1. Given the whole protein assembly as supplied and a 1.4 Å probe, what does the accessible area of Met251 come to in Å², nearest 10?
2. Anything over 25 Å Cα to Cα? Flag those among Lys117/Lys260; Lys451/Lys526; Lys351/Lys443; Lys99/Lys307, in the order listed.
3. Determine the order of Lys307, Lys219 by accessible area, beginning with the largest, at a probe radius of 1.4 Å.
4. At 7 Å along Cα-to-Cβ for each site, give me the label-to-label distance between Ala336 and Glu456 in nm.
5. Which order do peptides 173-185, 531-543, 111-123, 29-41 fall in by mean Cβ count within 10 Å, highest first?
Amino acid sequence: MTGSEDQLLNTHLPRMIFVAGMHRSGTSALTRVLNLAGAALPEALLPGAAGNVVGHWEPADVVALNDEILASMGLGWTSATRLPARWFDSQEAEFFTQKAAEVLRRNLQPIQTAVIKDPRLCRLLPLWIEAARRAGWTPNVVLMVRNPLEFAASLKARDRFNTTRTLMIGLRYLLDAEYGSREVPRAFVTYDSLLGEWRSTLQRLGERLDLVWPHLTDKTAVEIDEFLSDGLRHHKLGSVTGDATSPLHTMTDAVFGAFKSAAETNDLDQDRLNEQAARLAAAEDLLGPLTAFWETEWEKANALAVKLSAQKHDISNELSVQSSRLAEKERTHAEAEQTISSLADELQGLKEALARANAETLALREQGAEQERARAAAELSLSSLSGELAQARTAKAEAEAESARLKDRIGAMAGQLAEREQVNRSLDASIEDYGALLQELEKRLGAVFRKTDSLEATIGTLKADNAALDTKLQSAEQAIESGKLQLAALCVTTRAKGLFPAGELFDEAAYRARNPDVDMAIKNQKCPSAFIHWVEWGIGEDRPGFFNPVSRQELIENAKQVRSNRVKIVI
């Protein structure tokens, strides 16, 4: 907050208000009210905790430095023993005073009134008062007063302190705070008046410290009313502090009574407080070593309790983590079992679909084999159609051309079958596309069936053509039979000329020995016999024939037999 409207009206220097009081005595509530009324707070504050969810309003740097100062003397915030004699005049105190001034400069600018709160200030007020002066502020102190049995009950609930220990700490805090603030303007405030009549409490504070609250508006008043709810107070007792026969309770009651009277009337009975301080000093002189031993043992026990609490917290966190992991694993296991079951059902369906596809593929293969046998039969029939006449050879060429077309069609069918087999092999890798592939296969099978029907029609046409060719061939053979007989007769009649051995029939072995290519063709079943080769091609190629001596009638009968065998081969 900057600007003149945000400053508290005071003397020429801005005020630094130190709120001092025992732990759990209402210092947090008072600090927040002063802040809402216009006093600045450092930005780096400790967060709220289980014991004070609305916030402690304590600067983290101030708390850390106070702990460091007390620790340098072997003390802590729970220590009830007095500080070393004349410690505030030591070089160590000077060192910490400079650090405290730096903390104030770092967290606040001396251009407006600010408020600093930490219960540890009770033990160290002379140091912080001097640090505020060095940092450019005029120091004021507000001492917070609450029934000691109430803050004892609060500390017992939060930190498990027993009442006697808490009263000893509280007595030390209050007496040190009163003594350390005697040289500066100060005021006393009771927790009851703050919660019950905060407006009149702020008015009395302003009058006693010569302060004006620039942010105290109707809107701010609503915020303060909401903040000072009944929920801030968990322990409320009467005015009596405890057992009147106990010296500790008697001393605590006397100090509390003096503080309460000062808050109500602005009249502080310092003689009464000095008397209680002397009684406390005498008791400490007598019981100091025992008290120090007791505090040391308590601190050890408390440190062990803190350690055990931290271990319990860690174990609880680890148990929570492991429980979460176990729940996650159980959930994952259940999901995995569900997935496995689903996959098993899907796999069974795929197996059944694959079995159907394999059966269909087998049927296609059998159809393909039948078609292959038909193709082989057609090729054999076409290859056997060779004629001596041009018309027969033309028909043969046409038949061979048609056979080539049939081969192409059959090759296409074989390719389709190969594609189907590839589809079957890829079913395992592309199972999600099986339905689409099966539909495509059915379309292709329809095409294959249509092509098969066309092929059967073509084969029927070829058979009809073969029958016609047989008729033509028989006519042609009848026409050339006399020529062949005449040729055989010529062979017989020409034996006198020395061309063939006289009176011999055709010698197959001699012709094949003379013509190795014919021998190879016969072995490869490309030519039926040597004699047929000589009659159809050998004479035209001037290849000599070989005959054994037989009668002319035997030669004629042999020629007829050859012709008869030839006709059977064609059929």
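1. That residue has around 20 Å² of solvent-accessible surface.
2. Long pairs (Cα-Cα over 25 Å): Lys451/Lys526; Lys99/Lys307.
3. Result of the area sort, largest leading: Lys219, Lys307.
4. A separation of 5.7 nm, rounded to one decimal place.
5. Put in order of decreasing packing, that is 111-123, 29-41, 173-185, 531-543.
The values are calculated or read from the model by the stated rules, or taken from the named source; none is laboratory data. Model, not experiment: these values are computed from the prediction. Quick reminder, even Gly has a Cβ in these numbers, built from the backbone with ideal geometry, and neighbours come from all protein chains shown. Side chains included, ligands, DNA and RNA excluded: accessible areas come from the protein's heavy atoms. Shrake-Rupley method; radii C 1.70, N 1.55, O 1.52, S 1.80 Å.
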